[in-house]
């Protein structure tokens, strides 16, 4: 399984090409599709992304698991319907589809944020505001994130 760690900002050129961080690429190169799967986040102005292996596991789980609520199934269906397969070029870049760029309000820089088994792409300024708000809330609530499993659906 791919593992995505760290945060990196890369420039996007006028043709909407952006280099995927090398550590993300090396995780994705081990998979059957040499690229990434990206779709608009339904939680905010960012792009959710993962490798093809994760999408295949979700698809298999849908076929073999009847425990999904109708709402969960509907949301997963949206993800598959909105997903874009973005192959790497020779330089390790992807071409960002216009609808994803517009959704994430990306201008000329893309912030890649590792989330373990997945990652996100952001407008760096939008992410900075979310990050500051998250840190403030955590401080106010005295949260201490321990290394335990992430709740299902997050």
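In table form, for the structure just shown:
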read-out	value
Test for residue 68: is it under 22 Å from residue 128 (Cα atoms), part of a loop (DSSP other than H, G, I, E, B) and at pLDDT below 95	no
Matching entry among 43, 90 (being under 17 Å from residue 126 (Cβ atoms), in a loop (DSSP other than H, G, I, E, B), free of Cβ contacts under 8 Å to residues at least 12 places away in the same chain and out of contact with any helix residue (DSSP H, G or I) (no Cβ under 6 Å at 6 or more places or on another chain))	43
Matching residues in the stretch 93-128 - criterion: being in contact with a helix residue (DSSP H, G or I) (Cβ under 9 Å, 6 or more places away or on another chain), more than 13 Å from residue 40 (Cβ to Cβ) and either modelled with pLDDT under 95 or not in a loop (DSSP other than H, G, I, E, B) (or both)	109, 110, 111, 112, 113, 114, 117, 119
Residue satisfying all of: in the stretch 129-154; under 18 Å from the mean Cα position of the chain (by Cα) and assigned to a loop (DSSP other than H, G, I, E, B); modelled with the lowest pLDDT among these	154
All positions within the stretch 27-40 that are in a helix (DSSP H, G or I) and in contact with a strand residue (DSSP E or B) (Cβ under 7 Å, 6 or more places away or on another chain)	27, 28
The stretch 47-65, residues that are touching a helix residue (DSSP H, G or I) at 6+ places or on another chain (Cβ under 7 Å) and assigned to a loop (DSSP other than H, G, I, E, B)	51
Test: residue in the stretch 57-79 that is in contact with a strand residue (DSSP E or B) (Cβ under 7 Å, 6 or more places away or on another chain) and touching a residue at least 24 places away in the same chain (Cβ under 8 Å)	yes
All positions within the stretch 1-26 that are assigned to a strand (DSSP E or B) and within 13 Å of residue 113 (Cβ to Cβ)	4, 7, 8, 9, 10
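The values are calculated or read from the model by the stated rules, or taken from the named source; none is laboratory data. Everything numeric in this text was worked out from a predicted model, so none of it was measured. We place every Cβ from the backbone using ideal geometry, glycine too, and count neighbours over all the protein chains shown.
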